[in-house]
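For reference, the structure discussed in these notes is given below.
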Amino acid sequence: MDEKRELTAEERLAWLRLIRSENVGPITFFQLLARFRTAANALEALPELARKGGRKKPIRICPLAEAKREAEAISSFGGRLLAACEPDYPPALRMIADPPPVISIKGHAQLLNRDIMAIVGARNSSAVAIRITQEIAGGLSREKIVIASGLARGIDTAAHQASLDGGTIAVVGGGIDYPYPRENKGLQEQIYEQGCVIAEQPFATVPQARHFPRRNRIISGMALGVLVVEASPKSGSLITARMALEQGREIFAVPGSPMDPRARGTNNLIRSGATLTETADDILDALQSIRTRPLKEPDQPLLPFGEPLQPEERELDRVRPDVIEFLSPTPIAIDDLIRLTNQPPA
């Protein structure tokens, strides 16, 4: 990724249009940006790339008017768009394999560049777990650690409430304006005023189940570590923990009674090497070494493309059926496709 810099309003709209265009996810976005240097150039190239890829129907490019409407709606709401190359963007988040190219935020942007600890757990949490969460989140907050969570019921709510005064970040699954769950509308309003709310989805998006794993990677990606307080074996909190491990983050877990199914997930995490956590001091001690680790780019670089040689159209038509033959719902590495088809990489 390029060095940190503020985008112009036109550049930011181009980034927004590119990520909102059909079949463009975060990884594809940064590959296009590396290859074509600017989002505007990538937008111009997309239709031809899709055609060369064998697409019959025209690919949908996000219209400029649509991007302007979204940007204006966010601004009118009191928020702002933030691109991954800009200084206020969370530094740890921009280092994961698939950072959101553009996020919308409302609140105090300076919190995004402080030390952040994520706290997640069960929605139907026990009273004991709520109390432990409040004590740990409050203790970390008093030590200037910003608490990030997902604004869900239970553990998330307790973590946000206990860290409002010291700084809390809520990552929502829908649009930045959409209160979810409804019972936390008041808390979300408080976080707008005292903390910061982040959304990857477009303004006014109603959250759906498929949005939450993507939200979870942001929660873990911006943090130094993730604390799981209560989680059943199939809990979404364990998805966040798994993502945190893949991102190289530290995992902390509060132990629980083997009689309580909500503790099985956390106990399994501890059994697998997570740091057993009973108080904020357990996390603060571990953070001393974590803070000294330099941020590094992911092992799989985001921007692997230089300026490749473009094959002729006749060559593409000849090779395309061979490539399609080897594709299936199971992923295959590009190197394997090159070997199996015996075709040049371009």
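Looking at the stretch 15-47, which of its residues are crowded, with 20+ Cβ neighbours inside 10 Å and either closer than 18 Å to residue 103 by Cα or of a type in the set (Phe, Trp, Tyr) (or both)?
Selection gives 15, 16, 17, 18, 19, 21, 24, 26, 29, 30, 33, 39.
For the stretch 55-75, enumerate the residues that are closer than 17 Å to residue 22 by Cβ and in a helix (DSSP H, G or I).
Across the stretch 55-75, the qualifying residues are 64, 65, 66, 67, 70.
Can you find even one residue in the stretch 210-229 that is in contact (Cβ under 8 Å) with a residue 12 or more places away in the chain, in contact with a Pro (Cβ under 7 Å, 6 or more places away or on another chain), crowded, with 24+ Cβ neighbours inside 10 Å and assigned to a loop (DSSP other than H, G, I, E, B)?
For the stretch 210-229, residues in contact (Cβ under 8 Å) with a residue 12 or more places away in the chain, in contact with a Pro (Cβ under 7 Å, 6 or more places away or on another chain), crowded, with 24+ Cβ neighbours inside 10 Å and assigned to a loop (DSSP other than H, G, I, E, B): present.
Return yes when residue 97 is part of a loop (DSSP other than H, G, I, E, B), hydrophobic (A, V, I, L, M, F, W, C) and in contact with a Gly (Cβ under 6 Å, 6 or more places away or on another chain) and no when it is not.
The answer is no for residue 97.
Within the stretch 250-265, restricting attention to residues that are surrounded by 20 or more Cβ atoms within 10 Å (Cβ to Cβ) and touching a residue at least 40 places away in the same chain (Cβ under 8 Å), which residue is farthest from residue 290 (Cα to Cα)?
Looking at residues that are surrounded by 20 or more Cβ atoms within 10 Å (Cβ to Cβ) and touching a residue at least 40 places away in the same chain (Cβ under 8 Å), I get 262.
Specify the residue that is surrounded by the most Cβ atoms within 10 Å (Cβ to Cβ); the eligible residues are those in the stretch 135-155 that are within 17 Å of the chain's Cα centre (by Cα) and not β-branched (Val, Ile, Thr).
148
Which members of the stretch 120-163 meet the condition of being among the aliphatic types (A, V, I, L, M) and within 13 Å of residue 236 (Cα to Cα)?
Matches in the stretch 120-163: 120, 122, 152, 155.
Would you point out which residue out of 167, 221, 186, 225 is modelled with pLDDT of 95 or more, within 14 Å of the chain's Cα centre (by Cα) and of a type outside the set (Ser, Thr, Tyr)?
221
Out of the residues in the stretch 272-287 that are small (Gly, Ala, Ser) and part of a helix (DSSP H, G or I), which is farthest from residue 254 (Cα to Cα)?
Among them, the one singled out is 286.
Can you tell which of 105, 74 is within 20 Å of residue 216 (Cα to Cα) and touching a strand residue (DSSP E or B) at 6+ places or on another chain (Cβ under 9 Å)?
That would be 105, the only listed residue that is within 20 Å of residue 216 (Cα to Cα) and touching a strand residue (DSSP E or B) at 6+ places or on another chain (Cβ under 9 Å).
State whether the residues of the stretch 157-166 include one that is in a loop (DSSP other than H, G, I, E, B), over 17 Å from residue 277 (Cα atoms) and touching a residue at least 40 places away in the same chain (Cβ under 8 Å).
So far as the stretch 157-166 goes, no, none of its residues is in a loop (DSSP other than H, G, I, E, B), over 17 Å from residue 277 (Cα atoms) and touching a residue at least 40 places away in the same chain (Cβ under 8 Å).
So, in the stretch 45-79, exactly how many residues are within 14 Å of residue 175 (Cβ to Cβ), of a type outside the set (Asp, Glu) and touching a residue at least 12 places away in the same chain (Cβ under 8 Å)?
Of the residues in the stretch 45-79, 6 are within 14 Å of residue 175 (Cβ to Cβ), of a type outside the set (Asp, Glu) and touching a residue at least 12 places away in the same chain (Cβ under 8 Å).
The values are calculated or read from the model by the stated rules, or taken from the named source; none is laboratory data. Computed from a predicted structure; not experimentally measured. Positions of Cβ are backbone-derived with ideal geometry, glycine not excepted, and every protein chain shown enters the neighbour counts.
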